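*Asks:* Below are the structure tokens for one structure; questions will follow.
The values are calculated or read from the model by the stated rules, or taken from the named source; none is laboratory data. Please read these numbers as outputs of a predicted model, since none were measured by experiment. Neighbour counts run over all protein chains shown; Cβ positions are idealised from the backbone, glycine included.
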Amino acid sequence: MKATISDLIVAFIYVAVFVLIVYCLFASKISLAMRMIDTISIDTSKKVLKDVTIDLETRNLKAYPAFGTKYGTISIPSLNLTKDFYFGDSLSVLRNGIGNSGGAYFPGEGGSIIAMGHNYKGILKDLPKVKNGDQIILDLIYGKFVYEVYDAEIVYYEDSDKLELQREEERLMLYTCYPTDGFGHAVDRYVVYARLVEEEFYD
Amino acid sequence: MIRKILRYLLNFVLSVLILILIILNIFSITIFDREYIKQKLKSNDFYIRAYSDIIESFENYTMQSGLDLTILDGLVSETQVANDINVKIDSFYTKINGDIDTTSIRNELDSRINKALEENNRVPSDTEKEAINKYEDAIVQAYKDGIVYGTNLSVKVEYLNRLKAICIVSIIVVSIMIILIRRKILRCVACLGISFLFSGIFSVVLKFLLINKIGNILILDTKFSALLINVLTDILNKFFNVGLVIGIVGIIFILIGNIKVNKKA
């Protein structure tokens, strides 16, 4: 029995020695591999934030909608258009409605809001018909925001600096691909600028 | 004393070699086997999801092109996507050309666009012709990117087989050396048992060390992540199952190898 136990112990000692050797030889590579696994191992359930609300003092959202989710509607009464409003600009978002770019501010936060949609029929094909003074209404889960159009321009798709990111004044920049009645790959963007004129926060 | 050290050393080397052989064998029936990968692609609905992603990408370009989405109807099929993914997978494992032929897609799209222009009585300007060309380029590229992300890998199956052969030969050589040193066949069985138990413990522990880490992997996109998690979990399960069997066999061998010693005691 003693011999059997000693053989079993030897097997476990071998495991320990082997782990030690491997660790000594490949410590940096193992730790790199583990870091890589940790980096790509994301618990997505923790990222889905609910109950989106805003802190009215700091004008920061307390919790953000999950990326790719609908959190309200956008209406342009002059075009008789109402579409779902999403956080994000993924393909599936743009397939279904208007997306709010994650790189800018949220409505109510007092900064630049960048939103986009395809120039497809039923979405933003008629955006160039919007005139100064027309309203754009965002009815979101935490509040309602009314913007008034004050300008529009055509920019080349790489001229992102024309969509200025600031937090001095709440402005909505809504854009689509241009020309809206052309054929083929559109490389220009039609941007409509609107200022916040009315806001109401829900409880 | 030297003989004893040599005995333990050889037993340790044999243990490591058996473990390496187990790892190589599990890899050769999983990630180094293209049929296994294809079966996993199928069971994870990878082909269907790749087709959906390609269509979504096509729609993204079409919705900003002034063309109607109906222009995409039946432009590519699920079968075509699956076949092209398989061509790409085959090219990873063999030296066959894995280039995806998109000529038929481009020609068909071009003819549909021309038809749409005719229907709308539109004569495209030079700028529009260029824009249409860019749109077709984008669609073709989206298709290529959608087929296994347009990657070109080379899986060296022959290297793995060579390693396995070297490993088997080494195991035989080390085993003969152990037999020559220990002489008693039952003690040799106990040695083999120690090696099996070592490999078993290691394989079983591997699963518990990594299983929690891989469950939430998110890389490239959801379909690839799901596939990767499934393949890695399957590999770890195989390690666990093989480890359990080898470990039990190891314990049995240790008991058999010590029968005489235990009886004497």
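*Asks:* Looking at A:LYS121, A:LYS125, A:LYS162, can you tell me which residue is touching a residue at least 12 places away in the same chain (Cβ under 8 Å), out of contact with any strand residue (DSSP E or B) (no Cβ under 7 Å at 6 or more places or on another chain), among the basic types (Lys, Arg) and within 30 Å of B:PHE58 (Cβ to Cβ)?
*Replies:* Working: A:LYS121 fails: touching a residue at least 12 places away in the same chain (Cβ under 8 Å); A:LYS162 fails: out of contact with any strand residue (DSSP E or B) (no Cβ under 7 Å at 6 or more places or on another chain).
Result: A:LYS125 is the single residue among A:LYS121, A:LYS125, A:LYS162 that is touching a residue at least 12 places away in the same chain (Cβ under 8 Å), out of contact with any strand residue (DSSP E or B) (no Cβ under 7 Å at 6 or more places or on another chain), among the basic types (Lys, Arg) and within 30 Å of B:PHE58 (Cβ to Cβ).
*Asks:* Still on this structure, please answer the following. Could you tell me whether B:ILE181 is of a type outside the set (Phe, Trp, Tyr), within 13 Å of chain A (Cβ to nearest Cβ) and touching a residue at least 12 places away in the same chain (Cβ under 8 Å)? Working first, answer last.
*Replies:* Values: of a type outside the set (Phe, Trp, Tyr): yes; within 13 Å of chain A (Cβ to nearest Cβ): no; touching a residue at least 12 places away in the same chain (Cβ under 8 Å): yes.
Considered against the rule, which asks whether it is of a type outside the set (Phe, Trp, Tyr), within 13 Å of chain A (Cβ to nearest Cβ) and touching a residue at least 12 places away in the same chain (Cβ under 8 Å), B:ILE181 comes out as no.
*Asks:* Can you list residue pairs whose Cβ atoms sit under 6 Å apart, with the first residue in the stretch A:5-18 being at the interface with chain B (Cβ under 7 Å from one of its Cβ atoms) and under 17 Å from B:LEU192 (Cβ atoms) and the second being assigned to a helix (DSSP H, G or I) and among the hydroxyl-bearing types (Ser, Thr, Tyr)? Count only pairs 6 or more apart in sequence or on different chains.
*Replies:* Partner pairs satisfying both residue conditions: A:TYR14/B:SER15.
*Asks:* Keeping to the stretch B:235-251, report how many residues are surrounded by fewer than 14 Cβ atoms within 10 Å (Cβ to Cβ) and either touching a residue at least 40 places away in the same chain (Cβ under 8 Å) or aliphatic (A, V, I, L, M) (or both). Full working, then the answer.
*Replies:* Here is the first cut: in the stretch B:235-251, the ones surrounded by fewer than 14 Cβ atoms within 10 Å (Cβ to Cβ) are B:237, B:245, B:248.
Still in the running and either touching a residue at least 40 places away in the same chain (Cβ under 8 Å) or aliphatic (A, V, I, L, M) (or both): B:245, B:248.
Of the residues in the stretch B:235-251, 2 are surrounded by fewer than 14 Cβ atoms within 10 Å (Cβ to Cβ) and either touching a residue at least 40 places away in the same chain (Cβ under 8 Å) or aliphatic (A, V, I, L, M) (or both).
*Asks:* If you take the residues in the stretch B:135-184 that are of a type in the set (Phe, Trp, Tyr) and within 28 Å of the chain's Cα centre (by Cα), which one is surrounded by the fewest Cβ atoms within 10 Å (Cβ to Cβ)? Write out each step before concluding.
*Replies:* So the first thing to find is which residues in the stretch B:135-184 are of a type in the set (Phe, Trp, Tyr), and the list is B:135, B:143, B:149, B:159.
Restricting the remaining residues to those that are within 28 Å of the chain's Cα centre (by Cα) gives B:143, B:149, B:159.
Working: B:TYR143: 22, B:TYR149: 12, B:TYR159: 10.
Ranking the qualifying residues of the stretch B:135-184, first place goes to B:TYR159.
*Asks:* Among the listed residues B:LEU9, B:LEU19, which satisfies the condition of being part of a helix (DSSP H, G or I), free of Cβ contacts under 8 Å to residues at least 60 places away in the same chain, hydrophobic (A, V, I, L, M, F, W, C) and in the same structural domain as B:PHE202 (by TED's automatic domain parsing)?
*Replies:* B:LEU9
*Asks:* Take the conditions of a type in the set (Val, Ile, Thr) and farther than 20 Å from B:SER57 by Cβ and apply them to B:THR127. Does it pass?
*Replies:* Numbers: of a type in the set (Val, Ile, Thr): yes; farther than 20 Å from B:SER57 by Cβ: yes.
Criteria met by B:THR127.
*Asks:* So which of B:TYR93, B:TYR159, B:TYR149 ends up being touching a helix residue (DSSP H, G or I) at 6+ places or on another chain (Cβ under 6 Å) and either in the same structural domain as B:ILE22 (by TED's automatic domain parsing) or among the hydroxyl-bearing types (Ser, Thr, Tyr) (or both)? Give the derivation first.
*Replies:* Values: B:TYR159 fails: touching a helix residue (DSSP H, G or I) at 6+ places or on another chain (Cβ under 6 Å); B:TYR149 fails: touching a helix residue (DSSP H, G or I) at 6+ places or on another chain (Cβ under 6 Å).
Just a single option satisfies the conditions, and that option is B:TYR93.
*Asks:* Right, here's the next one. Looking only at the stretch A:166-187, count how many residues are away from chain B (no Cβ under 14 Å) and in contact with a Gly (Cβ under 7 Å, 6 or more places away or on another chain).
*Replies:* Initial filter on the stretch A:166-187 (away from chain B (no Cβ under 14 Å)): A:166-174.
Checking which are in contact with a Gly (Cβ under 7 Å, 6 or more places away or on another chain) leaves us with A:166-167, A:170.
Going through the stretch A:166-187 one residue at a time, the tally reaches 3.
*Asks:* Here's another thing I want to ask about it. Looking only at the stretch A:159-203, count how many residues are within 20 Å of A:LEU79 (Cα to Cα), touching a helix residue (DSSP H, G or I) at 6+ places or on another chain (Cβ under 7 Å) and of a type in the set (Phe, Trp, Tyr).
*Replies:* The number of residues fulfilling the criteria is 1.
*Asks:* Considering (1) buried (at least 17 other Cβ atoms within 10 Å of the Cβ); (2) in a loop (DSSP other than H, G, I, E, B); (3) within 14 Å of chain B (Cβ to nearest Cβ), say which one A:LYS121 fails and leave the rest.
*Replies:* (1)
*Asks:* Taking A:GLU148 as meeting all but one of (1) in a strand (DSSP E or B); (2) within 14 Å of another protein chain (Cβ to nearest Cβ), write down the number of the exception.
*Replies:* (2)
*Asks:* Among the residues of the stretch A:32-74, what is the count of those that are modelled with pLDDT under 75 and either touching a strand residue (DSSP E or B) at 6+ places or on another chain (Cβ under 6 Å) or outside any helix (DSSP H, G or I) (or both)?
*Replies:* Restricting attention to the stretch A:32-74, the residues satisfying the condition of being modelled with pLDDT under 75 are A:37-51.
Keeping just the survivors that are either touching a strand residue (DSSP E or B) at 6+ places or on another chain (Cβ under 6 Å) or outside any helix (DSSP H, G or I) (or both) gives A:40-43, A:47-51.
Of the residues in that region, 9 qualify.
*Asks:* Out of B:LEU197, B:LEU210, which single residue is part of a helix (DSSP H, G or I), of a type in the set (A, V, I, L, M) and over 20 Å from B:LEU10 (Cβ atoms)? I'd like the intermediate steps shown before the answer.
*Replies:* Working: B:LEU197 fails: over 20 Å from B:LEU10 (Cβ atoms).
The match here is B:LEU210.
*Asks:* How many residues does the stretch B:23-59 contain that are within 20 Å of the chain's Cα centre (by Cα), part of a helix (DSSP H, G or I) and away from chain A (no Cβ under 13 Å)?
*Replies:* So the first thing to find is which residues in the stretch B:23-59 are within 20 Å of the chain's Cα centre (by Cα), and the list is B:23-50.
From what's left, part of a helix (DSSP H, G or I): B:23-28, B:34-43, B:46-50.
Restricting the remaining residues to those that are away from chain A (no Cβ under 13 Å) gives B:24-28, B:34-43, B:46-48, B:50.
So the answer is 19.
*Asks:* With A:THR180, A:THR176 as the choices, which residue is over 18 Å from A:SER101 (Cβ atoms) and among the polar types (S, T, N, Q)? Break it down stepwise before answering.
*Replies:* On the way: A:THR176 fails: over 18 Å from A:SER101 (Cβ atoms).
From the options A:THR180, A:THR176, the qualifying one is A:THR180.
*Asks:* What are the pairs with Cβ atoms under 9 angstrom where one residue, in the stretch B:35-49, is within 17 Å of B:ASP145 (Cβ to Cβ) and the other, located anywhere, is not in a helix (DSSP H, G or I)? Sequence gap at least six, or different chains.
*Replies:* Close Cβ pairs (under 9 Å, with a partner that is not in a helix (DSSP H, G or I)) amount to B:ARG49/B:ASP221.
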